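The values are calculated or read from the model by the stated rules, or taken from the named source; none is laboratory data. Just so you know, these numbers come straight off a predicted model, no measurement behind them. Quick reminder, even Gly has a Cβ in these numbers, built from the backbone with ideal geometry, and neighbours come from all protein chains shown. The accessibility values were calculated without ligands, DNA or RNA, using every heavy atom of the protein model including side chains. Shrake-Rupley method; radii C 1.70, N 1.55, O 1.52, S 1.80 Å.
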Amino acid sequence: MIGCTKFDNYRIIFVVSLFTILFFHLPSISTAATEADRQKFQRSIIDYRWQLNSEFKKIKRGETSYIIVHTSELGLNGTLRVISKGKRLPSGRRTHGGHTHYVIARDGRTYRMLDSKYKADHAGLSMWNGETDISKISIGIELVGYHYSPITMHQYRSIGLLIDILQGVYSLSDRAVLTHSQVAYGFPNRWFKKNHRGRKRCAKNFIRTKAGLGPTWFYDPDVQARRLTADPQLAEVFYSRHKIYAKADEANIISKSNTAWSIAGEDYDRQTTVYKFPNSRIYTGDQISEKVGWNRIPPKTIVLLNQETGIELDRNKGPIKTIPDGRTAWSLAGKAYNRRTTIYFLPSGRIKYGSMISNWDDLPVKTKIIIGYRGPFKIQRDRSAYQIAGVRYKDRKTIYYLPTQKLLAGNNIRDFNDLPSGTLVFLPIS
Ligand SMILES: [Zn+2]
């Protein structure tokens with residue numbers, strides 16, 4: 001500035017150096033990563049490109065302006081399959097895969113799904129700052145997990161390094177990193193009269209600072225320019241000054257502020273979206289309008305995305321649940337998955353408490369789960385089922401684990417005198 005006094009100059013120098021001190025002392029994973037860290041990470045990336053659907057058409061991307069973060073709303077195997085091979089749309093049409101460039105598992109392991117120079121079909125109907133079809137100008141990263149279950153520290157570390165590397169290659173700032181839920185939009189529906197945000201909830205639980213990311217957009221440019229209507233809940237997550245991240249693990253439970261729409265987005269009425277009512281009735285998204293009504297879903301209903309069909313669910317209604325292919329412990333036990341009172345019976349015969357499980361995606365198919373239990377109590381010659389469980393020894397909620405690795409509910413045992421010594425009993429907590 002012309003006419004600056006010497007005093008002003010000193011002040012400017014002071015402010016600049018203060019800024020420098022603050023800036024370089026911000027805790028940040030990406031700035032703390034060394035070249036060696038980046039190289040080690042890059043070498044660790046698993047090549048999964050060979051699994052890509054052969055019908056996927058590779059088209060080079062002309063421009064790279066954004067990195068879009070997603071949560072896959074599936075376990076690892078389901079994620080890898082859908083992204084490389086494709087998925088069935090509600091219309092019945094099948095896509096050809098190529099749905100992202102990178103996948104990051106719960107343990108931080110990173111998969112390269114498609115060369116980053118090609119366009120991946122990951123953002124769908126999308127808009128940012130007036131530009132549409134964001135897939136054409138962006139790189140997609142899928143975090144394995146649900147938008148209502150916390151992202152792991154391993155994932156934050158990997159995505160921090162990956163973003164750091166991509167930012168170097170494509171000269172992108174931290175503002176270029178957005179979530180799918182920020183850029184997706186939808187056409188009018190029963191909740192919105194105009195084009196609107198909220199079609200996707202993807203990665204709304206992504207905490208930027210944990211990935212070493214700095215400043216970002218503090219407003220939605222398309223809402224501000226009135227091209228789109230805001231989604232109130234997403235606006236609060238991304239643009240309000242009071243961060244509501246803490247509530248993330250309650251985020252799939254219906255309440256006054258948490259509607260079917262704010263949990264499931266465009267998938268609210270799909271057959272694969274499951275509503276578990278507090279009275280333990282189960283409905284799929286396509287049944288709600290006729291059997292319940294969208295305004296009549298009771299509070300505390302749990303909403304689960306990408307679930308199997310009703311038959312599969314019925315089988316899992318009792319106290320003993322089984323992990324079928326393509327499902328995770330989270331989809332059966334929710335945030336109770338790692339509690340001491342959630343008990344896992346592995347196909348290998350091992351029994352594990354939830355507190356011993358670090359990753360809900362690591363459990364083998366056919367693992368059985370009981371939720372809200374204590375035990376085991378061992379049946380011995382001088383200790384009968386009745387002595388352990390009292391009058392409820394025949395109850396369907398009292399669970400017996402036989403030395404043959406069979407799990408049985410109390411009401412399914414014909415003769416208690418036949419129970420072999422060494423049978424373990426598990427009792428419900430309440
Ligand atoms: Zn997404």
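Structure summary
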item	result
Residue that is most open to solvent (accessible area, probe 1.4 Å), among those in the stretch 393-419 that are touching a residue at least 40 places away in the same chain (Cβ under 8 Å) and of a type outside the set (A, V, I, L, M, F, W, C)	396
Leading residue by the ranking (nearest to residue 155 (Cα to Cα)) among those in the stretch 203-227 that are open to solvent by 10 Å² or more (accessible area, probe 1.4 Å) and hydrophobic (A, V, I, L, M, F, W, C)	207
Residue list for the stretch 62-83, restricted to those being part of a loop (DSSP other than H, G, I, E, B) and within 13 Å of the ligand (Cβ to nearest atom)	72, 73, 74
Count of residues meeting criterion [within 16 Å of the ligand (Cβ to nearest atom) and either surrounded by fewer than 21 Cβ atoms within 10 Å (Cβ to Cβ) or not in a helix (DSSP H, G or I) (or both)] in the stretch 142-168	9
Check on residue 185, more than 20 Å from residue 151 (Cα to Cα), in contact with a helix residue (DSSP H, G or I) (Cβ under 7 Å, 6 or more places away or on another chain) and at pLDDT 95 or above	no
Residue within the stretch 373-392 that is among the hydrophobic types (A, V, I, L, M, F, W, C), touching a Phe, Trp or Tyr at 6+ places or on another chain (Cβ under 9 Å) and part of a loop (DSSP other than H, G, I, E, B) present	yes
Any hit, the stretch 390-409, residues being touching a helix residue (DSSP H, G or I) at 6+ places or on another chain (Cβ under 9 Å), polar (S, T, N, Q) and over 30 Å from residue 87 (Cβ atoms)	yes
Counted residues, the stretch 283-341 - those being modelled with pLDDT of 85 or more and more than 17 Å from the chain's Cα centre (by Cα)	27
Residue in the stretch 84-106 that is farthest from residue 155 (Cα to Cα), counting only those that are more than 15 Å from the ligand (Cβ to nearest atom) and assigned to a strand (DSSP E or B)	94
Failed criterion for residue 383 (all others in (1) open to solvent by 50 Å² or more (accessible area, probe 1.4 Å); (2) over 23 Å from residue 410 (Cβ atoms) hold)	(2)
Matching residues in the stretch 120-131 - criterion: being over 14 Å from residue 67 (Cβ atoms) and within 16 Å of the ligand (Cβ to nearest atom)	121, 124, 125, 127
Those residues of the stretch 169-227 which are within 16 Å of the ligand (Cβ to nearest atom), of a type outside the set (Gly, Ala, Ser) and assigned to a helix (DSSP H, G or I), in sequence order	180, 182, 183
Criterion: among the charged types (D, E, K, R) and closer than 18 Å to residue 107 by Cβ - qualifying residue of 61, 43, 38	43
Subset of the stretch 193-202 [surrounded by fewer than 23 Cβ atoms within 10 Å (Cβ to Cβ) and either among the hydroxyl-bearing types (Ser, Thr, Tyr) or modelled with pLDDT of 95 or more (or both)]	194, 195, 196
Residue in the stretch 270-280 that is surrounded by fewer than 21 Cβ atoms within 10 Å (Cβ to Cβ) and within 16 Å of the ligand (Cβ to nearest atom) present	yes
Residue, surrounded by the fewest Cβ atoms within 10 Å (Cβ to Cβ), within the stretch 329-356, restricted to residues that are polar (S, T, N, Q) and not in a helix (DSSP H, G or I)	348
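Every residue, every condition in (1) under 28 Å from residue 325 (Cβ atoms); (2) in contact with a Gly (Cβ under 6 Å, 6 or more places away or on another chain), yes or no:
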| residue | (1), (2) |
| --- | --- |
| 80 | yes, no |
| 91 | yes, no |
| 96 | yes, yes |
| 103 | yes, no |
| 119 | no, no |
| 136 | no, no |
| 154 | yes, yes |
| 161 | no, no |
| 169 | no, no |
